[in-house]
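Novice: There's a structure below that I have some questions on.
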Number of protein chains: 2
Amino acid sequence: MTRNAPAFIFDLDGTLIDSVYQHVLAWHDALSEVGIELSVWRIHRRIGMSGGLFTNMLLRETGADLDEATVAELPRLHAAAYKKRADSVRALPGARALIAHLREQNIPWAIGTSGRIETAGPSLGMLDVDPERDVVVTRDQVKHAKPDPDLFLAAAETLGTDIQDAIVVGDSIWDVLAARRARALAVGLLSGGYGQDELERAGAYRVYDDPQDLLTHLDEVGAR
Amino acid sequence: MTRNAPAFIFDLDGTLIDSVYQHVLAWHDALSEVGIELSVWRIHRRIGMSGGLFTNMLLRETGADLDEATVAELPRLHAAAYKKRADSVRALPGARALIAHLREQNIPWAIGTSGRIETAGPSLGMLDVDPERDVVVTRDQVKHAKPDPDLFLAAAETLGTDIQDAIVVGDSIWDVLAARRARALAVGLLSGGYGQDELERAGAYRVYDDPQDLLTHLDEVGAR
């Protein structure tokens, strides 16, 4: 077993940025535009997974029959509907302070998001995170997004950290599942609106309210 | 113990109508307008309780200091922000079918909502529920809303049903707590976006996905 100091890999939406509900309703709009009516809570439970898997899942579960061109349109419709709501998006409490603390303590950290740089860009700006300077892995850079482990593996590699020394912090069960597939430890945050039980059942070894709560308890997860 | 045939008392938002996420973001807007920044998931966890208690809670938890006039403004700001999102609100799957089934089987039912008739009106229309003909108790008609039991007690009284024969169906822990205070049995639905565990811990004796899933399993809760 490795006993090195931990590195942190963060999910973005719902973990550092308070944007999950806006993304959920943006997907609801996008699906509605192509004639698919899916309950909002069901969309919420799938948020954070790869957009491709999300689309496959919903076609399978709703029995909807969309042609390839319409399916290919969905990411654009979602991005447009999200942009209309982006004004109400904020950094989560403690997100900037948590990153500032890690920088100060020279604890390695990175961001790994299933989103594309187009929508992730403004969120990174809110956190003073710069992809030119900081380690940010987006959907654009890997073949498979969550719950596949690729995003977190790529982040660890860029950090030069063994993935087994990494603590993945996420708000959705897809983050937790991807962390487990990568053999990282997963910390769950409630700030994406999932229940504590859902995150623990998925395998989170600790659950906090939000980045502020994690920062207050950082020593519990091995950061010194 | 009573062994009469059960009556059903339904919450509205999140239980029969897919409107919780729109209400949540509308509250986020309203609070933002008066200078209170509260994470969206924290608003979600309070949705469904009395607006007055909701406001007290958030002033207490955020430490915000609002004058009485501003506090009195909040319901109007929320209603206005909700109206802007009302186009995307739908009846939940099975909601109309469930009500039609209860009507057909002459099983008594009512609606008890913490909302006011102003916002509840259009939702009732989507369900073909008419307050002139059907039993609907809104916030306007009782002194205290959920988690106080008044709404459900008033609904049972209007139905002419002993509250102990009533099955309260709701999506939030405030519905479940109010049902328990009224000594009714509570059935939880996941369609408001709470986790199953949260509803069970609050005391739901059975949890289903949504109205469709409840309709499929109606005999499990004693309806014949």
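None of the figures in this text is laboratory data; all of them are computed from the coordinates on show. Keep in mind it's a predicted model, so treat the numbers as computed, not measured. Every residue, glycine among them, receives a Cβ derived from its backbone with ideal geometry; neighbour counts consider all protein chains shown.
Novice: Over the alpha-carbon set of the range B:56-129, work out the extent along each principal axis and list the three values in angstrom, largest first.
Specialist: 52, 25, 18
Novice: Would you mind getting the Kirkwood hydrodynamic radius of the range A:108-160 from its Cα pairs, rounded to one decimal in Å?
Specialist: In the range A:108-160 this quantity evaluates to 11.1 Å.
Novice: Can you tell me which of A:Ser39, A:Ser50, A:Ser19 moves the most in a GNM of chain A? Springs connect C-alpha atoms under 10 Å apart.
Specialist: A:Ser39
Novice: When the Kirkwood hydrodynamic radius is evaluated over all pairs of different C-alpha atoms of the range B:20-88, what value in angstrom, to one decimal, is obtained? Please list the in-between numbers first.
Specialist: Values: mean 1/r = 0.0836 Å⁻¹.
Result for the range B:20-88 stands at 12.0 Å.
Novice: Lysines within cross-link reach of A:Lys83: Cα-Cα under 23 Å, excluding same-chain residues under 8 positions apart?
Specialist: Reachable lysines: A:Lys146, B:Lys83, B:Lys84.
Novice: Right, next: Would you mind computing Rg(Cα) / (2.2 N^0.38 Å) for the range A:1-126, counting N as its residues?
Specialist: The value comes to 1.22.
Novice: While we're here: What percentages, rounded to whole numbers, describe P(r) for the protein assembly as shown computed over all alpha carbon pairs with 20 Å bin width beginning at zero?
Specialist: 25, 53, 20, 1
Novice: Contact order normalised by length for the range B:20-88, with contacts defined as Cα pairs under 8 Å and 6 or more residues apart; what percent is it? Working shown, then result.
Specialist: Details: 47 pairs, mean separation 32.1, N = 69.
Relative contact order for the range B:20-88 comes out at 47 percent.
Novice: Along each principal axis of its Cα atoms, how long is chain B end to end? Whole angstroms, biggest number first, please.
Specialist: 51, 35, 30
Novice: A follow-up question, please. Compute the separation of the alpha-carbon centres of the range A:68-114 and the range B:79-137 and state it in Å as a whole number.
Specialist: Rounded to whole Å, the Cα centres lie 36 Å apart.
Novice: Using only alpha carbon pairs under 8 Å that are at least six residues apart, calculate the relative contact order of the range B:110-152 and give it in whole percent.
Specialist: Value for the range B:110-152: 51 percent.
Novice: Give, in whole angstrom and from largest to smallest, the semi-axes √(5λ) of the equivalent ellipsoid of the range B:108-224, with λ running over the eigenvalues of the Cα gyration tensor.
Specialist: 21, 16, 15
Novice: Would you mind calculating the relative contact order of chain B from Cα pairs under 8 angstrom and at least 6 residues apart, reporting the percent as a whole number?
Specialist: Normalised by residue count, the contact order of chain B is 27 percent.
Novice: I've got another one for you. Identify which of A:Gly112, A:Gly203, A:Gly192 has the largest mean-square fluctuation in a Gaussian network model of chain A, with springs joining Cα atoms closer than 10 Å.
Specialist: A:Gly203
Novice: For the range B:84-178, run through the GluC sites (Glu not before Pro) and keep only the ones in DSSP coil with at most 16 other Cβ atoms within 10 Å of their Cβ. Walk me through the intermediate numbers first.
Specialist: Working: sites: B:Glu104, B:Glu118, B:Glu132, B:Glu157; in loops: B:Glu132.
The qualifying sites are B:Glu132.
Novice: Choose one answer from A:Ser32, A:Ser172, A:Ser191: the residue with the largest mean-square fluctuation in a GNM of chain A with alpha-carbon springs under 10 Å.
Specialist: For chain A, modelled as a Gaussian network with Cα springs under 10 Å, the answer is A:Ser32.
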